[in-house]
Amino acid sequence: MKGDSPMTRTERIFYLLFGGYSLAQFFLAPVYPLFLLSRGLDLLQINLILAIYLITVFVFEVPTGALADTAGRRFCFVLGCATRTAAFLLYSRTRSFADCAVAEFIDAVGTTLVSGALEAWAVDGVQAEGDGHRMEGLFSRAAVIGRTFLMVGAVGCGYLAERDLRYPWIAAAAMFAVTGAAGAALMHETRRAARAGRSRRSVAGTVQDGLAIVHRSPVLLLLCLLSLGSAFGAFPIHMYWQPRLQALAGGQLRLMGWVVALLALASLTGSALVPRVLRRAARESVLFGAILARAAAVALLAGAGRLAPAQEAAFGMMDPVYAAWTNEHVASAERATVISVRSACIMLGGALGLVTIGLVARRFGLQAAMGVSAAVFLLVAPGFVLLGRAARRVAAEEAMAEPVPAVATKVSPTALG
């Protein structure tokens, strides 16, 4: 069977780079809000710092995706890793809100350089090597690899942070540097990707083409809007659970690492189940059920003060399907740009949610804020039914392309969806 064929060279390299990059960018997940609090920021200010990151990513995501389509995916990936290395080293020396804001801006620019580039490189490489089977399985395997690295890194981060909260930043910076060096040595542009890049008039022209593709495609447009809505509800949750848990645990930072590892394991389980679930249920049904599970889990967190692994398992099932649907409706020449359009929507939704729900938390408390997040998930859910209908209308007209995992943002992969 085609699905049992050996991994291609591109797949092996992609798994390596995706795993290393995931380890570096999520290494700080257990203590990121706690580090910001240690610099003298309050609960609203830590949300504003992450909002700066997300807004910057929103502004630069599509132009840098277009840059990857024109200048080359390897170039952007390596430059992005170098930029994030510098940002993390700078972060280790921050002392105030302004210092954190500067480092966050630089880190956000580095994130945008990588996000669309790595995905597009992998899709083009696998296609060029003649592997034309559906890639939800590839996406799920990469998600499993990324979350495995996250679990190992989270536990290590917790113990390292107990020595000094600055040390995890330095360790993650070294990981970015190693991953960028590996990308420079191992990534090779396919001829098709190179030709596509040369044929574009400019970065601005590529941006316009990518936005036009999303606007013309009901499936891509709905995917972007649903991603925005989901991110609005999801990001604030992942800035507030650590401070609450720290108060209960008496400041034991190692516990934060183990909790993040547990949540990542739940998400990993969800990703691993995707191929089996999709044999029995339509994509829109999977997404609809998963978003309802996230709403229920967040409501439990708000009412009972308990972290529910169920919401992480739901995310693990949602992200592979999101990425699969996105990649199936775009050609190689604009793939990095269109992937970046969806990522930009996630960033915008997350930033709006952080500010809005952050204000709710300041005025009414964390329980009320989490209740708002759960309500947002419920409002988003019917959109997946519409997405399924739109996809069925165009299914006969569009060729299948291979999806790969999106490169998530710095808080935790569970903040997406």
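Can you tell me which residue within region 84-125, out of those that are farther than 13 Å from Gly183 by Cβ and among the β-branched types (Val, Ile, Thr), is most open to solvent (accessible area, probe 1.4 Å)?
Step by step, filter region 84-125, then rank; the result is Val102.
Read through the list (1) modelled with pLDDT of 80 or more; (2) open to solvent by 10 Å² or more (accessible area, probe 1.4 Å), then give the number of the only condition that Gly303 fails.
Result: Gly303 fails condition (1) only.
Touching a residue at least 12 places away in the same chain (Cβ under 8 Å) and at positive phi: which single residue out of Gly65, Gly72, Gly80 fits that description? Before you say what the answer is, go through the steps one by one.
Working: Gly65 fails: at positive phi; Gly80 fails: at positive phi.
None of the other options fit; the residue is Gly72.
Give the number of residues within region 75-125 that are of a type in the set (S, T, N, Q) and closer than 28 Å to Trp325 by Cβ.
Adding up the residues that qualify gives 3.
Quick check on my filter: what residues within region 140-159 are open to solvent by 50 Å² or more (accessible area, probe 1.4 Å) and either more than 19 Å from Cys81 (Cα to Cα) or not in a helix (DSSP H, G or I) (or both)? Break it down stepwise before answering.
Keep residues of region 140-159 that are open to solvent by 50 Å² or more (accessible area, probe 1.4 Å), which gives 141, 148-149, 152, 159.
Matches in region 140-159: Arg141, Thr148, Val152, Tyr159.
If I ask for residues that are touching a residue at least 12 places away in the same chain (Cβ under 8 Å) and either outside any helix (DSSP H, G or I) or more than 13 Å from Leu28 (Cα to Cα) (or both), which ones from region 163-173 would you list?
Passing the criteria: Leu165, Arg166.
Within the group Ala185, Ala177, Ala196, which residue is closer than 18 Å to Phe75 by Cα, over 24 Å from the mean Cα position of the chain (by Cα) and modelled with pLDDT of 80 or more? Quick ask: steps written out before the conclusion?
Numbers: Ala177 fails: over 24 Å from the mean Cα position of the chain (by Cα); Ala196 fails: modelled with pLDDT of 80 or more.
Answer to the check: Ala185.
Mind checking whether some residue in region 216-223 is more than 23 Å from the chain's Cα centre (by Cα) and modelled with pLDDT of 80 or more?
Taking region 216-223 and keeping what is more than 23 Å from the chain's Cα centre (by Cα), we get 216.
Narrowing further to those that are modelled with pLDDT of 80 or more: 216.
Looking through region 216-223, at least one residue is more than 23 Å from the chain's Cα centre (by Cα) and modelled with pLDDT of 80 or more.
Say we look at region 52-72 and pick out the residues that are buried (at least 24 other Cβ atoms within 10 Å of the Cβ) and among the aliphatic types (A, V, I, L, M); which of these is nearest to Val109 (Cα to Cα)?
If we take residues in region 52-72 being buried (at least 24 other Cβ atoms within 10 Å of the Cβ) and among the aliphatic types (A, V, I, L, M), then Val57 is nearest to Val109 (Cα to Cα).
Looking at (1) modelled with pLDDT of 90 or more; (2) over 21 Å from Ala181 (Cα atoms); (3) open to solvent by 60 Å² or more (accessible area, probe 1.4 Å); (4) of a type in the set (Phe, Trp, Tyr), which is the only condition Phe75 fails?
Looking at each condition in turn, Phe75 falls short on (2).
Give the number of residues within region 224-271 that are outside any helix (DSSP H, G or I) and either farther than 17 Å from Val360 by Cα or at pLDDT below 80 (or both). Show your work before the answer.
Residues of region 224-271 outside any helix (DSSP H, G or I): 235-236, 250-252.
This time we only want the ones that are either farther than 17 Å from Val360 by Cα or at pLDDT below 80 (or both), so: 250-252.
Residues in region 224-271 being outside any helix (DSSP H, G or I) and either farther than 17 Å from Val360 by Cα or at pLDDT below 80 (or both): 3 in total.
Could you grab me the full set of residues in region 358-388 that are closer than 15 Å to Leu228 by Cβ and open to solvent by less than 50 Å² (accessible area, probe 1.4 Å)?
Of everything in region 358-388, those that are closer than 15 Å to Leu228 by Cβ and open to solvent by less than 50 Å² (accessible area, probe 1.4 Å) turn out to be Ser373, Val376, Phe377, Val380, Ala381, Gly383, Phe384, Leu387.
What pairs come out if I take residues in region 32-50 that are in contact (Cβ under 8 Å) with a residue 60 or more places away in the chain and pair them with residues that are among the polar types (S, T, N, Q) whose C-beta lies under 8 Å away, six or more apart or interchain?
Tyr32/Gln242; Pro33/Gln242; Leu34/Gln242; Leu34/Gln246; Leu36/Gln45; Arg39/Thr94; Arg39/Ser96
The values are calculated or read from the model by the stated rules, or taken from the named source; none is laboratory data. On a predicted model such as this, the values are computed, not experimentally measured, just so you know. Heads up, the Cβs are rebuilt from the backbone with ideal geometry, glycines too, and the neighbour counts pull from every protein chain shown. Remember, those area values only see protein heavy atoms, side chains included, never the ligands or the DNA or RNA. Shrake-Rupley method; radii C 1.70, N 1.55, O 1.52, S 1.80 Å.
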